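Below you'll find the structure, written out as structure tokens, and then a few comments.
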């Protein structure tokens, strides 16, 4: 079975065990948690009414959703802090978690202690950083004056003048320059800032300071920070002093960092422990959000695989007074999610199936059928040993990098290689090896006919899938009498039979043709009246959902569409053959070009280009065409894809 | 060369022509002037003009003059963004200026709110800006409680530097100066991006924008002298660069002029004498006279410019004037002006 059977597990337990139980769930992992409150509200979480369940039953009346009570943010905050300190090198260790008993209180106090130890070192580093920032500012400030020979103390203590330095935008600098001669101060342009502003030094007489400040303000003059009256020497000497201090501070900082790292290293084990425990509790809080709580009990719901039932029962047995119940769709659970299970060969193709839709829980998983036919069609259309190997290698590399479609590509490439041997083609050249089957271009009709036959086989299988899917859903109308049901299938087979007889493929046409014709007409009639017929058999009333006349007009058109569809669906598969031919033809065109140029190097270049072009472009087109056959010609017949994907715990809970 | 730039702008020019065809015509304006009150103006705009899309969500029973204006400007944002799809590089960069103008005006509304210590939240409806192109975090700005907080929220924008040195804006003088600073930032940006455009294909546009600088400078110097009694240096500090006729030297001589008569004398030979050639209504209609002058110039630019960005920029400017006129009409309803009085305040001449 490629779609796993899932069952709903409902649990009621005593609140004092809730953390341990949640931890078991977290470690068990393969479970999709459902909001218990929602299950209870929708009446699916049903406790058998027995004396010993009274407490739990009464609890229903005063339930609270875990959503309103749980808060994992504090744990997450501390975890993130630890993670930051260790630059993300800590990781959740499931094995030790599973083994040991975890103590939340201890972990929290440990983390707290740990943090306090670090605060000291961090504080010192922060101080140094602040000091460094101030020093850098001063360095920039004094460097504008580095050619000044005077002592700064003299400038600061001028009796009748004050000086200021600041920057203005380029445009405002132009404005300032045009009023140089009417401003009551002396203005020096001393340099440019990194952000493209121009820096000026202004000396203004103290009597006129207010006026000149007004003008500077009008020019959006922004004073430069970093001047400090403690620096009294010449700017050059000051700069030397500053540089010296910067070096010293940096040295101190790197020493502190070494200490800090040593400290971190020393405490790594304990930090890891705290990290583990707190991450776990963060996760548990999230799990508990999905639970419901009464005063004494917790209520939990989740989907698990049917085969895990015993394992979960064993877990439940550890806790006294814990009630565990299972239900499947037959006994009142909601619509379960779908968990796909395929072997290594088919698994990558699940991605393609999910692109269309996740199978419904009561539907056959189309992945195996799609995988086989998709690989076959691709190989048939794109048969080449060399190009196939390149595709496979590309797929292998992508697959190892974690691209799911890469794995699909690897499989397609291998099929392409296989068909390459069948056609005897290596990088387009047909002279190197003998074909095991045929050369497509030499036997065009065979290839096209083979394509149609392959299509017919695939359609047959699709009909069977469709019939099974519809009958599983107890849909008699479509499953038995529908155009994709038994009647449709039989009609398709008999029409093919009539064609085969006419072309002399099958013997005894004189008896079989009229027989099959009568059968076909009968089947068409059955499809036409499928709704009333199905309702009559299942004894349902009324026979027609809408009025009878409306139904027959609609059904008549559908009939027409069905017959047309049978023809077009079948012929659609000719493309498999056609692309097999295109593949050869395209290379032949390039080969002709290569011969025409009569230049070894250019010819070689053309052939290389041809291969790249064919692999990239034709590979893409063929891949799309093969997928189109699946989605359009086949899936539309048998597949609904309206399921919900199964999401186990670890996909839902992610701390970061 | 010119034929190439013609074909380069063929699509956007055609788009601008098509957009302009939907504009409000004289007949519409007469209807709007005739309307009894704000509600009738609103209904006409909503049901008969291309502003309808932007007005349809407004509550008929709770109309505010300023909010209607903001919604009219939403159309301008949309049209400007649409035209932007056709541009790239320096041209697009220049065009963004038209959106920045609205951003600046929206900031002005907020700054005035802060200056009078008002709650900014109710001003949301008056904001006009391009969500796609703005770097100003408008949504957060409404939560600013004072000037310091407001400035801090702008730290990642150019505006921070514009406002940085102002510690407080409570005083009227401070507020005026902050606004002047904001305007100067905008026009410097406009000038710098304008000068990066291709000169040959955009000559007409560049000249017109530079005339706008001239007019703004004239009005500034006139008012600065008359109402704010600023020093010559401050007048220069806030004047704009890049004017067409009024270069640095002429600006200085205007600043140095002792009275209106001297200013008039300096302008006799310029194109701008019209601003002051009146006896009593100089102050009242100065702005409108400038706008009407620019309106005609932009009409000309729209009609004749077939290379570069001239036509497209003119389109947006004309849209500006249209919105200003509608705004003036809305205003006139408040003062119960009759139609002949209202017409005097419109940029476009209507008989």
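Just so you know, all these numbers are worked out from the coordinates, no wet-lab data involved. Model, not experiment: these values are computed from the prediction. Glycine also receives a Cβ, built like all others from the backbone with ideal geometry; neighbour counts cover every protein chain displayed.
Roughly how tilted is helix A:509-528, in degrees to the nearest 10 and between 0 and 90, from the longest Cα axis of chain A? So the inclination is approximately 50 degrees. By the Cα gyration tensor, segment B:176-326 has an equivalent ellipsoid whose semi-axes, rounded to whole angstrom, run 26, 18, 15 from largest to smallest. Counting neighbouring beta carbons within 10 Å and listing from fewest to most, the residues B:172, B:327, B:66, A:338 come out as B:172, B:66, B:327, A:338. Distance between the C-alpha centres of segment A:281-350 and segment A:25-96: 12 Å, rounded to the whole angstrom.
Note on A:212-220: average number of Cβ atoms from other chains within 10 Å of each residue's Cβ is 6.
Report the relative contact order of chain A, percent, no decimals, based on alpha-carbon pairs under 8 angstrom and at least 6 residues apart. Please list the in-between numbers first.
Working: 883 pairs, mean separation 132.5, N = 656.
Relative contact order, chain A: 20 percent.
Its DSSP H runs of at least 4 residues, each contributing -39,500 (n - 2.57), put the calculated 222 nm mean residue ellipticity of chain A at -19000 deg cm²/dmol, to the nearest 500.
Which percent of the Cα-Cα distances in segment A:26-157 go past 24 Å? Provide the component values of the computation, followed by the final result.
Working: 5659 of 8646 pairs.
Percent of Cα pairs beyond 24 Å in segment A:26-157: 65.
What does the convex hull of the alpha-carbon atoms of segment A:347-638 project to on average, in nm²?
On the way: hull surface 76.6 nm².
So the Cα hull casts an average projection of 19.1 nm².
Helix A:104-143 axis versus longest C-alpha principal axis of chain A: approximately 50°, rounded to the nearest ten.
Rg and Dmax, both from the Cα atoms of chain B and both in Å, are 20.7, 57.
For segment A:150-233, the extents of the C-alpha atoms along the principal axes are 34, 31, 18 Å, listed from largest to smallest. Packing here is the average count of other Cβ atoms within 10 Å per residue, and on that basis the peptides B:70-83, A:553-566, highest first, run B:70-83, A:553-566.
Give, in whole angstrom and from largest to smallest, the semi-axes √(5λ) of the equivalent ellipsoid of segment B:1-134, with λ running over the eigenvalues of the Cα gyration tensor. Before the final figure, lay out the partial values.
Working: eigenvalues 187, 108, 22 Å².
Over the Cα atoms of segment B:1-134, the ellipsoid semi-axes are 31, 23, 10 Å.
Which shape class applies to segment B:271-326: rounded if a/c is under 1.5, otherwise prolate when a/b exceeds b/c and oblate if not, where a ≥ b ≥ c are the square roots of the Cα gyration tensor eigenvalues? The shape class here is oblate. Calculated translational diffusion coefficient of segment A:520-600 (10 °C, 1.306 mPa s; Stokes-Einstein with Kirkwood radius over alpha-carbon pairs) equals 93 µm²/s.
Between segment B:1-74 and segment A:389-436, the alpha-carbon centres lie 62 Å apart.
Calculated translational diffusion coefficient of segment A:464-516 (37 °C, 0.692 mPa s; Stokes-Einstein with Kirkwood radius over alpha-carbon pairs) equals 275 µm²/s. Peptide packing for A:287-299, A:397-409, B:183-195 was compared via the average number of neighbouring C-beta atoms within 10 Å per residue; ordered from the highest value, the list is A:287-299, B:183-195, A:397-409. For chain B, the relative contact order comes to 21 percent (Cα pairs under 8 Å, sequence separation of at least 6).
Only helices enter this figure: runs of n ≥ 4 DSSP H residues, each worth -39500 (n - 2.57), summed and divided by the residues of chain B, yield -21000 deg cm²/dmol at 222 nm to the nearest 500. Look at the stretch B:243-255: the mean tally of other chain Cβ atoms within 10 Å of its residues' Cβ atoms is 1. Pairwise alpha-carbon distances in segment B:202-280 exceed 21 Å for 24% of all pairs.
When Rg and the Kirkwood Rh are both derived from Cα coordinates, the Rg/Rh ratio for chain A amounts to 1.18.
Helix A:486-502 and the long axis of chain A differ in direction by around 60°, with both axes built from C-alpha atoms.
Please report, to two decimal places, log10 I(q)/I(0) for segment A:104-209 at q = 0.10, 0.16, 0.21, 0.22 Å⁻¹ as given by the Debye formula with identical point scatterers on the Cα atoms and no solvent. The Debye formula, applied to the Cα set alone, gives -0.50, -0.85, -1.17, -1.21.
How would you classify segment A:372-482 from its alpha-carbon gyration tensor, with a ≥ b ≥ c the square roots of the eigenvalues: rounded for a/c under 1.5, else prolate if a/b is greater than b/c, otherwise oblate? Taking the square roots of the gyration eigenvalues as a ≥ b ≥ c, segment A:372-482 is oblate.
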